[in-house]
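Following: one structure in structure tokens, then a few remarks.
A short reminder: the numbers here are calculations on the coordinates, not readings from a lab. What you see is a predicted model; the values in this text were computed from it and never measured. With ideal geometry, Cβ positions are generated from the backbone for all residues, glycine too; neighbour counts draw on all protein chains shown.
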Amino acid sequence: MMDLRERANRVRAWLAARTPRQLLLAGWVTCILLCYPGYLSFDSIEQLGQARSGHFTDAYAPVMTGVWSLCEWIFAGPFPMLALQTGLFVFGAYGVLKRALSPRAAAVVAVGVLAAPPVFAPMAVIWPDSLMAGALLAAAAALLDERRAMKAAGAVALVIAGGCRPEVAPATIPLAMLALPASLSGRLRRAGLAVALVVACSGVARLVGWILVDDDTYAWQQRLEWIDVVGTLRRAHADDPMPGLTVVDRARLLEGHDAYDAYVLTHGPKRVAEPIADDAQSEALSAAWHAAIADHFGAYATHRGELMLRQLGITHPWLPVFDDFGDPDHLMLLHHRATPSDLEIAWRAIVHVVALTPLFRPLLYVLLAIPAIVLARRRRELLALVASGVMYEIIQLPLASSVDYRFSHWLVATVWLVLVALAVARKPAWRAS
Amino acid sequence: MIRPRAILGAALVVFAIYAFPGYIGWDTEAHLLQARSGIYSDAHPPVIPALWRLVEVFVSGPLGMLAIQALALLGGLTLIFRNVLGPRTAAIASAAVFLFPPVAGVTALVVKDALMAGFLALGAGWLVAGRTRRGLVACALASAMRWNALAATLPIIVALLPTRARGMRRIAIACVAWLGITAAAFATNALLADRHAYAWYGGYAYQDIAGTLRWMEDTPDADARALLAGVPLAIDHGIQDRARETYNALDYRQLTSGTTPLFDLPDTAAERDAIAHAWRRIVLGHPGAYLRYRWDNFRTLIEIDRPHTFAQVYVWFTIIAAPEETPRLQHDAAPSRVQDRMRIGAIALSNSPMYWPWIYLALSCVLLVACRRMAVVVALLASGICYELAWFFLDPTGDFRYSQWMVTCCAIAAAAWIGRRYSKETMRPSAQRTESQAMIAKLAP
């Protein structure tokens with residue numbers, strides 16, 4: 001008995017002797033092992049194909065494809081991207097949290113939040129949203145640093161985040177404000193500088209994307225505008241003409257209410273219209289989109305509102321967990337195939353059980369964001385995080401192109417980080433000195 | 001000044017870029033499939049699939065095993081070099097040996113030879129550092145990875161086992177320890193085996209019998225049948241002619257398959273007994289012919305006159321000769337761009353004199369004299385030479401990986417010799433003596 005107690009004390013002492021960096025590394029490796037070598041959806045596999053072939057389209061975030069292509073110089077397959085996005089997340093979170101917590105507590109909270117199923121589930125998949133979350137946290141940490149090189153690295157991280165999801169730009173303003181020295185006076189001046197930084201980073205992201213893309217598929221435009229046009233017209237029961245666009249079946253165009261998946265609307269035997277393929281059709285679709293919003297604003301608002309209710313998990317709950325290594329037939333040409341370890345199988349089961357609880361409903365995090373903002377009002381780094389998460393969620397109202405848990409992931413991650421950090425900081429010993 | 005840990009980390013990263021997530025050959029497939037099915041055969045040491053099963057609890061596929069064999073080797077090299085060189089020189093020497101193409105080329109393949117080499121290096125490192133229990137466990141693990149590892153563990157344990165005894169008593173204690181760990185390794189493998197594959201009868205025994213028959217004086221069919229009484233033969237007459245026709249000192253598969261087989265695979269215990277008896281009659285009864293055939297095998301193993309082959313190093317993620325096996329493995333991978341270039345380089349190097357084991361065998365003998373004052377290096381060189389010479393009787397197919405341990409030991413000795421001679425940081429014999437005395441004092445009651 002004494003032996004056991006002594007041994008337990010020894011283990012405790014050994015753990016206590018580990019540095020925050022060692023804890024972070026161990027946590028990072030463990031989180032990677034929970035989903036090694038990284039889950040791949042259909043889109044991820046297509047994107048890997050583009051990264052490997054070097055032929056980029058705008059169907060998948062070209063900046064992210066570029067990053068993946070660079071990773072493929074060193075390690076092939078999804079693993080380097082998994083390591084990158086989880087690494088940026090955990091080290092970025094540590095960099096931000098160590099301003100509010102002791103280094104040890106910050107390391108434990110950073111790893112703990114990454115491993116929390118609602119945060120972990122999308123981070124395990126190679127998606128733009130996961131890389132964006134990691135890049136945003138890394139950006140926040142780097143921009144908080146006093147060194148000029150770190151601030152430049154933060155700007156690069158903002159470019160990557162903007163390249164993954166262009167619509168994130170407004171949500172990066174609170175993070176960009178972290179880059180400004182406390183001595184800089186004037187709220188308007190500070191806000192102006194932050195906006196200028198965000199505009200510059202978003203511009204660079206757009207420029208890099210434009211340079212990288214070989215084939216323009218108008219993917220982002222189609223994803224958003226087709227669902228808005230069809231959804232609005234269906235709710236308004238308006239058979240508006242859409243000059244310049246090829247409608248396959250006008251009767252089907254007005255069937256039902258919902259239109260939340262642009263792919264279904266433009267592909268397959270039940271498609272409503274042909275996908276656009278050139279600049280003229282792109283302009284025609286934009287014109288139809290503007291006309292639908294202007295002419296039937298009530299219907300448009302109802303359509304977007306219903307989409308948002310779904311996105312928040314209020315109506316039509318969906319299974320928010322994706323944990324598949326990809327279709328072997330789809331992956332055959334890419335020479336990638338993987339099976340889960342026992343640890344992964346067990347962890348998947350845990351994540352699936354947690355997914356049945358409200359912890360996977362974005363609405364919960366919208367509600368929790370309010371106390372988080374109030375409680376974090378004196379800690380600018382935590383306030384910036386949660387403000388960024390809330391702003392990104394608000395952006396989904398006009399810009400979400402479908403309903404998916406991962407679109408709310410940034411809000412979920414920031415609320416988790418801020419609330420856990422605030423809870424931990426209640427103990428004086430765990431606060432930053 | 002780059003810190004030793006950074007040097008070792010950089011070596012590990014370079015190796016990871018070359019090997020990630022681990023190369024897979026025929027033996028690797030057998031280990032992995034057995035690990036996943038949970039049914040272990042004794043065709044290969046069952047400890048390997050058992051270990052792999054344990055590893056697959058945490059990480060699926062070859063990566064975990066690759067990490068074990070690479071980290072064991074690098075850790076072992078570091079411990080060994082720290083005994084003879086200063087910390088930074090030791091790190092440089094460890095990294096150099098670890099990344100030396102003939103060493104890294106085999107370590108990158110998840111296979112028993114690389115596992116054995118890793119555990120042997122670790123065992124030697126711990127023993128020389130005075131960590132007896134850990135060292136013996138590592139040596140036992142090495143013994144469990146290959147049946148013939150006992151030839152490599154004997155010199156290491158005899159020379160490096162820390163004990164207060166002197167002279168013959170010390171050697172006797174070390175021999176008992178060696179016997180103990182060897183018996184433990186064999187017993188563990190025997191206990192873990194669920195299915196007997198009788199691999200020796202249908203493969204190695206046939207190879208020895210046919211090889212010896214090839215070089216025996218002309219033997220009429222009646223005499224050959226008498227010698228092979230009870231052995232399942234694929235032909236009735238022209239037995240020795242067939243043995244000469246199908247002679248290949250580096251393979252046995254042609255003896256039981258293809259268009260001109262000599263034997264049928266044994267099915268019953270009686271047939272296996274007959275093969276064992278025939279082996280004794282033919283091999284032990286005709287030592288000259290047997291040694292002649294073994295020399296043919298060994299000289300090819302050590303590359304004295306091996307014909308050019310496609311590659312002496314295995315750099316593929318699935319079995320290149322059988323892509324249809326990929327779905328069974330449920331594993332596939334592609335090389336990164338840098339890795340692809342490294343693989344091409346590795347193949348080119350593998351067909352250069354860098355992969356001629358006889359050079360390392362000769363160099364090991366020379367270094368044995370040059371490094372005679374470094375106990376750990378002498379022990380390792382003796383281990384490498386013993387292990388290589390044991391292949392004279394045991395080598396079935398002449399793969400380069402069989403020589404990896406000798407090449408590793410030779411590279412360690414060369415690096416230690418160069419480090420001692422040219423590094424300013426080198427630990428002087430006086431410093432070593434002080435350290436040895438401190439160790440002995442620690443062991444004293």
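General observations
- Value of relative contact order over chain B, rounded to a whole percent, pairs C-alpha under 8 Å and six or more apart: 21
- Amide H contacts under 5 Å for A:Arg431, placed H, 5+ residues apart: A:Ser102
- Region B:273-374 shape via C-alpha gyration tensor axes, a/c threshold 1.5: oblate
- Order of A:Met177, B:Met168 - criterion: other Cβ atoms within 10 Å of each residue's Cβ, fewest first: B:Met168, A:Met177
- Cα gyration tensor shape of region A:283-323, rounded if a/c is under 1.5, else prolate or oblate by comparing a/b with b/c: oblate
- About the centre of its Cα atoms, region A:219-311 shows a dipole size close to 340 debye [charges on the beta carbon of Lys, Arg (+1) and Asp, Glu (-1) only; nearest 20 debye].
- Of A:Arg99, B:Arg5, B:Arg244, the sequence from fewest to most neighbouring Cβ atoms within 10 angstrom is B:Arg5, B:Arg244, A:Arg99.
- Using a cutoff of 8 angstrom between alpha carbon atoms and counting only pairs six or more residues apart, the relative contact order for chain A works out to 21 percent.
- Relative contact order [Cα under 8 Å, 6+ residues apart], region A:231-300, whole percent: 41
- Using θ = phi - 60° and Karplus 6.51 cos²θ - 1.76 cosθ + 1.60, couplings along region B:163-170 (whole Hz; Gly, Pro as x): 8, 7, 5, 10, x, 5, 4, 5
- Inter-part distance, region B:55-75 to region A:226-252, computed on C-alpha centroids, equals 57 Å.
- Cα long-axis angle, helix A:187-212 against chain A (0 to 90 degrees, to the nearest 10): 70
- C-alpha center-to-center spacing [region A:362-425, region B:202-225] in angstrom: 79
- Shape call, region A:219-311: gyration tensor on alpha carbons, a/c limit 1.5: rounded
- For region A:294-304, the Karplus equation 6.51 cos²θ - 1.76 cosθ + 1.60, evaluated at θ = phi - 60°, returns couplings of 5, 7, 10, 5, x, 5, 4, 4, 5, 4, 5 Hz by residue, with Gly and Pro reported as x.
- Over the protein assembly as shown, dividing the summed -39,500 (n - 2.57) contributions of all DSSP H runs of at least 4 residues by the number of residues returns a 222 nm mean residue ellipticity of -20500 deg cm²/dmol.
- Gap separating the Cα centres of region B:233-271 and region B:333-372, nearest whole Å: 35
- Against chain B, whose longest principal axis is taken from its Cα atoms, helix B:206-215 shows a tilt of about 70°.
- 0 to 90° range, to nearest 10: angle between helix B:269-279 axis and chain B longest Cα axis: 80
- About the centre of its Cα atoms, the protein assembly as shown shows a dipole size close to 5960 debye [charges on the beta carbon of Lys, Arg (+1) and Asp, Glu (-1) only; nearest 20 debye].
- The packing ranking, built from the mean of other Cβ atoms within 10 Å per residue, places the peptides A:9-19, B:79-89 in the order B:79-89, A:9-19, highest first.
- Backbone geometry of region B:107-124 corresponds, through the Karplus equation with coefficients 6.51, -1.76 and 1.60 at θ = phi - 60°, to 3J(HN,Hα) couplings of 4, 6, 8, 6, 7, 5, 4, 5, 4, 4, 4, x, 5, 5, 4, 5, x, 5 Hz, x marking Gly and Pro.
- Set of lysines near A:Lys98 by C-alpha distance (under 29 Å), chain-local residues within fewer than 8 positions excluded: A:Lys151, A:Lys427
- In terms of other Cβ atoms within 10 Å, B:Arg421, A:Arg104, A:Arg310, B:Arg242 run from fewest to most in the order B:Arg421, A:Arg104, A:Arg310, B:Arg242.
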